[in-house]
1. With only alpha-carbon pairs counted, each pair once and no self-pairs, how large is the Kirkwood hydrodynamic radius of chain B in angstroms?
2. Using Cα atoms only, what is the angle between the long axis of helix A:195-212 and the major principal axis of chain A, expressed in degrees (0 to 90) to the nearest 10?
3. Helices from chain B with mean Kyte-Doolittle at least -0.5 and a Cα length along the axis of 20 Å or more, per DSSP H: which?
4. Using a 10 Å cut-off on Cβ atoms, rank the peptides A:24-31, B:343-350 from the highest mean neighbour count down.
5. Please state the charge dipole magnitude for chain A, taken about the Cα centre, from unit charges on C-beta atoms (+1 on K and R, -1 on D and E), reported in debye and rounded to the nearest 20.
6. Quick one: of A:LYS17/A:LYS215; B:LYS118/B:LYS157; A:LYS20/A:LYS50; A:LYS170/B:LYS157, which pairs are farther than 24 Å apart, Cα to Cα?
7. State whether the range B:310-378 is rounded, prolate or oblate according to the following rule on the C-alpha gyration tensor (a ≥ b ≥ c being the square roots of its eigenvalues): a/c under 1.5 gives rounded; otherwise a/b larger than b/c gives prolate, and the remaining case gives oblate.
8. Test of understanding: given chain B, find the longest segment containing no GluC sites (Glu not before Pro) that are in a DSSP loop and have at most 16 other Cβ atoms within 10 Å.
Amino acid sequence: MAEVAVQQEKEAIFSKKRIKLLTDPLNDNNPVTVQVLGICSSLAITVQLKPALLMFAGVLFVVAMGNVVVSALRNLIPNRVRIIAQLVIVAGLVSIVDMLLKAYQYDVSKQLSVFVGLIVTNCIVMGRLEAFAMANKPWPSFLDGVGNSVGYGILLIIVAFVRELFGSGKLLGFTIVPPSFYEHGYVNNGMMMMPPMALVLVGIIIWVQRSRNTKLIEVEE
Amino acid sequence: MEKKLEPSFKEGGKLHKFWPLYDGFATFLFVPGHVTHNGVHVRDSIDLKRTMSVVILALVPCLLFGMYNTGYQHFLALGQTPELGASFLYGLLKVLPIVVVSYAVGLGIEFAFCIIKKHPISEGYLVSGILIPLVLPADIPLWMVALAAAFAVIIGKEIFGGTGMNVLNVALVARAFLFFAYPTYMSGDMWVSMNDRNGYEVIKEGLVDGYSGSTLLGQVADAGFNGTFKNVAGADITSTVFSDAFFGFIPGSIGETSTLACLIGAAILIISGIGSWRIIFSTFLGAYAIGLLFNAVAGSNAYMAMPAHYHLVFGGLAFGAVYMATDPVSAAQTKLGKLIYGFGIGAFAVIIRVVNPAYPEGVMLSILFFNVMAPIIDYFVVQSNINKRVKRFKLASNGVK
């Protein structure tokens, strides 16, 4: 992994190393397709694009802010109780997201139901806090958090795009497949609405990514 | 012709890229000329291609009867006398396009994979390509067949490494895909060919009163077992239902209706040594045993009261037992394992049929489930054998002391 503690005092805000923090999780170290974290939520909330987008926004906020807060407090948090301390911070942030969603996007919040609350236990969140924020300064931690949640978000969006388009013929709730298709016998694919198909789609994405990015292929021993 | 064509496909030839394609066809049509060069080898004329050819031969009775029955049910539902020639012709015209699409799409994808991955073409799809149409209703839209064949070959087989590596039976993956993706086309009233090809408009004119396109199992699941059965025209067939179902004059997927045709196929497979009699036998046994058990405890669930022997001839149990469960790739490999595997398939199929009201037919799900379970069944069979031998060895060595 790329988490090497940043040593120099005066490093450019967007130095090469820091840009890498942003871009690495998009492909080479994608939290979902390479580290295989956060699979559960990406199966559950990708039936439609809109909840997936809001989930992405929620995770982006929680991971980025959580990383910053934990990183700022990293020297104050006793090592023995660090997980609990991290959990409290994350839970606080998730509550904010949850309340915001309930206030402004009530129906989506109902759709996401328990999965907003479960951001707390999302492996990506805890993974970033443990692996990166506890050892790095706030700014790199922020970049790392953004990079990882975007890597997660890309996958959510691709999967949700395919599932909503083929599963219900819509995107963001707008009908995309023209009615003439249905008149000629086209039918929405019911399997797209089921979680197993999301798993198949994630699998296909991993397949495509690995065949394009040969660095990811394990060398057989 | 072989000699003339071969050089251009050989290394350095113009068409070398398509060598797998050439090799596949050449060895399919002619006896391969390869000979072993050293060492001792067991020689036999049977290879994968011949094995698959025998399975296809065993499928012919089901295919032909399926075509006939498709027309038979169609004319019966229209209130006409189903004549042999007309029925068969109707069924032929319905079934042939499905077979052609299934082969074209499946083989096309398989060939493409072979050329990209540069491995020789294997013949696994020859059988899957004919099994897929036989487990679908005759009115299934062709684009769905194409989609299902593509899904089955790519997700069911190629991602696991191609023929011989698949965890699940390829044809059943195709069927399961359609079953969950387009449930309205795979359940309820869809079992009698009454629709136009795109399946959108149901032709209602000319149908007899009391028409119902549901299968016998569907009738039982809907109304509970009350001792009576109806054919598609609504006539009471209670007295002949067993023989009707045995010979196959009932609505259902194209190839699955006739238990007799499946048994002929089973005989071919068993005599030629390609299908495992253990699996076929124990599948029927499992279904019958659980059927009897349900009969004994029947009470609140009217379906449980259906005589156990009906389970053996209704729906796809015979077809699944003979052609699907015996798939050597996805089945258990040990002798005892095969018996357990088959018994489990039969038992689970009946349990799903009877206990789960959402699925009047359970053979597909049951076989897929046991495909997944097959390696663990083998594991335990092998382990128990090892343990037994260790124990015997210990006893023997104690005796010596």
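1. So the Kirkwood estimate lands at 22.7 Å.
2. Value to nearest ten degrees: 60.
3. Sorted by number, the helices that extend far enough and score high enough are B:48-77, B:84-117, B:277-297, B:335-355, B:363-400.
4. Per-residue mean Cβ counts within 10 Å order the peptides as B:343-350, A:24-31.
5. Around 440 debye, computed over chain A.
6. A:LYS20/A:LYS50; A:LYS170/B:LYS157
7. prolate
8. B:206-401
The numbers here are math on the coordinates, done by the rules we state, and not lab data. Note that the structure is a prediction, hence the values are computed from the model and not measured. Note: ideal-geometry Cβ built from the backbone for every residue, glycine included; neighbour counts use all protein chains shown.
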